[in-house]
Amino acid sequence: MTVQIITIDGPSGSGKGTLAAKLAEHYQFHLLDSGALYRLLGLSLKKQDLLEKLETHLEQCVHIASQLNIQFLSSEQGTKVLLDNEDVSQQIRTEEVGSFASKVAAIPQLRTALLQRQRDFAQAPGLVADGRDMATSIFPQAQAKIYLTASAQSRAERRVNQLQAMGLDVKISDILANIEARDKRDMEREVAPLKPATDAYMIDSSALNIDEVFKLMTTYIDKKLVN
Ligand code: DC
């Protein structure tokens, strides 16, 4: 049986995470949040005091990446993420851990160490894979490839709402600066930079709500999935 794969790539705050989860539920597919893997690795290396020493302790960092002890557990409140059996679901969503992830993600050897772990998520009947390079490097064979973007300003506004809903006190100017710095790093890195696959369906969600984007996506996906 062919495992059907839907990839959703794009910058942070474009709504990828929410839409990927909605699509996985709609099609009853598995879900890969690849950004969470980079966040978990960033957090793990930080805890071991290695984040500032990626270049000089690369071999040790690659080993940690390949042995990363993580679990994704489905619960009523969403997916619980465990690192070394500790619940870090909230912690990995912070801006701070996002910037750890972005550093880790720029190192080719660390990306390679996480590659197979990502591909292992492709199980029947299908997978929705959310990330930056899902279509361009991890699942080039995907049946449906979507690139979801939005202006930096609207992404910053959404992020502020999300973080405030989590009870965090944040300023839009800080978040916008953070998003722009992260976009630049993600787009300009040499390995697997953030860019649309040549055959991706492009959606700009700046002026669209979640339901409108979801409708555009399912209309496209329904034409692409193999019956
Ligand atoms: O999607 P996110 O914000 O959780 O991603 C965190 C960081 O990880 C982001 O700066 C880019 C990086 N990342 C990546 O390089 N490749 C992926 N497939 C997913 C995330």
Problem - Verdict on Q109 being away from the ligand (no atom under 16 Å from the Cβ) and more than 17 Å from the chain's Cα centre (by Cα) - result: no
Practice task
Please verify whether the range 96-103 includes one or more residues that are of a type in the set (S, T, N, Q) and more than 8 Å from the ligand (Cβ to nearest atom).
Solution key: no
Practice task
For R189, indicate whether it is among the basic types (K, R), within 24 Å of V128 (Cβ to Cβ), open to solvent by less than 40 Å² (accessible area, probe 1.4 Å) and in contact (Cβ under 8 Å) with a residue 60 or more places away in the chain.
Solution key: no
Completion exercise
The number of residues in the range 143-155 that are among the hydrophobic types (A, V, I, L, M, F, W, C) and surrounded by fewer than 22 Cβ atoms within 10 Å (Cβ to Cβ) is 1
Exercise for the section: Can you confirm whether the range 85-97 contains a residue that is touching a Lys or Arg at 6+ places or on another chain (Cβ under 7 Å), closer than 16 Å to R39 by Cβ and open to solvent by 40 Å² or more (accessible area, probe 1.4 Å)? Expected result: yes
Fill in the blank from the handout: Restricting the range 169-186 to residues that are under 18 Å from the mean Cα position of the chain (by Cα) and of a type in the set (A, V, I, L, M, F, W, C), the one most open to solvent (accessible area, probe 1.4 Å) turns out to be A181
Fill in the blank from the handout: The lone condition E52 fails out of (1) modelled with pLDDT under 95; (2) more than 16 Å from R117 (Cα to Cα) is (1)
Problem - Residue match in the range 204-211 (condition: away from the ligand (no atom under 14 Å from the Cβ), open to solvent by 20 Å² or more (accessible area, probe 1.4 Å) and within 20 Å of F29 (Cβ to Cβ)) - result: yes
Handout entry: Qualifying positions in the range 116-142 - exposed (fewer than 15 other Cβ atoms within 10 Å of the Cβ) and among the hydrophobic types (A, V, I, L, M, F, W, C)
Key = A124
Handout entry: Meets criteria (closer than 29 Å to I175 by Cα and more than 16 Å from the ligand (Cβ to nearest atom)) for E55
Key = yes
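Per-residue answers, yes or no, for (1) more than 8 Å from the ligand (Cβ to nearest atom); (2) touching a Gly at 6+ places or on another chain (Cβ under 8 Å); (3) open to solvent by 10 Å² or more (accessible area, probe 1.4 Å):
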position	(1), (2), (3)
I5	yes, yes, no
S12	no, yes, yes
T18	yes, no, yes
H26	yes, no, yes
H30	yes, yes, yes
L40	yes, no, no
L43	yes, no, no
Practice task
Determine whether the range 56-72 contains at least one residue that is buried (at least 22 other Cβ atoms within 10 Å of the Cβ) and aromatic (F, W, Y).
Solution key: no
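The values are calculated or read from the model by the stated rules, or taken from the named source; none is laboratory data. Values in this document were obtained by computation on a predicted structure and should not be read as measured data. Here the Cβ is made from the backbone with ideal geometry for all residues, glycine too, and neighbour counts use every protein chain on show. We work out accessible area using only protein heavy atoms, side chains counted, and drop any ligands, DNA or RNA first. Shrake-Rupley method; radii C 1.70, N 1.55, O 1.52, S 1.80 Å.
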